[in-house]
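Presented below is the structure to which this report refers.
Coordinate-derived values only; no laboratory data. As the structure is a computational prediction, the values presented were derived from the model and not from experiment. Reconstructed Cβ throughout: ideal geometry from the backbone, glycine too, with neighbour counts over all protein chains shown.
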Amino acid sequence: MIIVVASGKGGTGKTTVATSLALTLMQLAREGLLGGTKVKFGDCDVEEPNAALFLKPRLSQREEVSLPIPRVDPALCTYCGRCAQVCQYHAIAVVAKKVLVFPELCHGCGSCTLECPEGAIQEVPHVIGIVEKGRVGSMAFAHGLLDIGAPAAPPIIRRVKSWLIADEKDPVVILDAPPGTSCPVVQSLRGADYALMVTEPTPFGLHDLALAVEVARGELSLPVGVVINRDGIGDQGVDDYCRAERIPILMRIPMDRRIAEAYSRGEPLVTALPEYRGRFVALYEAICEEVSP
């Protein structure tokens, strides 16, 4: 089962929930309470990955991720401009008798290569970031890091996911998604079994939660549950929204200075406050009931 922990905005406690859920499941697997199922964790927030600060993995593999970037053969090019016409990202331009390629804008879609009537364009790899793999105790770990200025996070996210999901039969995979509702979030959610949304009970939190739910439910048809972090501040807007949309609130984490202090030390919630372990066990059981009612 693949559980994606997401949020409409940053700073809601998404990584706090994702890492503590993963550590709880790892402990259950170690105790033989998951029926032999292996637990894996992936940080898909490749622009600002920070799960490693809390899980402290032992990294053992590293791989570059590339995009295919066009390279034009001036001996074949007739400067017809067709490549520039089909590029939606303005990554290639034809100026007089010269073709300009802007790798920072290219998304590697290949349209220019396919549409070139002279076959003057070939694709060459352009490194956009890295993925790293390792272990946290008995749990597999992977994360990615997008190069500064690179435009496309989804290829790195796809590689993180493929490292975790390949060669294993039915693992439990916890993915920490990027915040927001853009393409990297969609790529993180694609193929998942459940979307766990972490929010805060404020008007801002409600606004972005509704957008994220629309992506998960409307675009990808995923079941959705909610964790309310910093419960007790703000208002009842999130509760009213979840009730109206029939979205289960699976867990509430109160506003607690001890949690903030643990976060500032890079300490996972269930490590700093072991009494939360039972609550994360209950969260996982609730998700299993939602996925297989």
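Some observations on this one:
- Here region 23-113 is assigned +1 on the Cβ of each Lys and Arg and -1 on the Cβ of each Asp and Glu. Its dipole about the Cα centre then comes out at about 240 debye.
- Flagged links, alpha-carbon separation over 19 Å, of Lys9/Lys38; Lys9/Lys133; Lys9/Lys40; Lys14/Lys133; Lys9/Lys56; Lys38/Lys161: Lys9/Lys38; Lys9/Lys133; Lys9/Lys40; Lys14/Lys133; Lys9/Lys56
- Cα-based helix-to-principal-axis angle, 14-30 vs the chain, degrees rounded to 10: 70 degrees
- Within the shell defined by Cβ-Cβ distances under 10 Å, the residues around Ala150 carry a net charge of -3, with Lys and Arg each +1 and Asp and Glu each -1.
- Principal-axis tilt of helix 277-291 within the chain, Cα atoms, nearest 10 degrees: 60 degrees
- Going from the fewest other Cβ atoms within 10 Å to the most, the residues Lys38, Lys9, Lys161, Lys97 appear in the order Lys97, Lys38, Lys9, Lys161.
- For Leu189, Leu175, the sequence from fewest to most other C-beta atoms within 10 Å is Leu189, Leu175.
- Furthest towards positive pole of dipole, Val281, Thr181, Gly232, structure part the chain, Cβ charges: Val281
- Crossing angle, helix 203-213 versus the chain [Cα axis fit, 0-90 degrees, rounded to tens]: 70 degrees
- Free-standing Cys, the chain [no other Cys Cβ under 4.7 Å]: Cys44, Cys77, Cys80, Cys87, Cys106, Cys109, Cys116, Cys183, Cys242, Cys288
- Other residues lying with their Cβ under 12 Å from the Cβ of Val238 contribute a combined charge of -4, Lys and Arg counting +1, Asp and Glu -1.
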